[in-house]
């Protein structure tokens, strides 16, 4: 049976999956820390994480525009 992906593609895909797993685990630990140890309500923690993700998305778009100004 022939593989559909090369070894290089498999390693690249695995690296992306590992990075996503690490980020998910860190967000879970942050949520646990702020809600159970610090005592902040889950709604406040979720809202703070939402705003940081939105800020990150806007910064990514802004940086993409500055690196390739004629691409828009």
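The values are calculated or read from the model by the stated rules, or taken from the named source; none is laboratory data. Since we're looking at a predicted model, the values are computed, not measured. A quick note on method: Cβ atoms are made from the backbone with ideal geometry, for glycine too, and the neighbour counts reach across all protein chains shown.
Structure summary
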read-out	value
Selection within the range 1-21 - loosely packed, with under 10 Cβ neighbours inside 10 Å and in a loop (DSSP other than H, G, I, E, B)	1, 2, 3, 4, 6
Matching option when the condition is outside any helix (DSSP H, G or I), surrounded by 10 or more Cβ atoms within 10 Å (Cβ to Cβ) and at pLDDT 95 or above, among 40, 44	40
Answer from 24, 35, 66 - the residue that is at pLDDT 95 or above and in a helix (DSSP H, G or I)	35
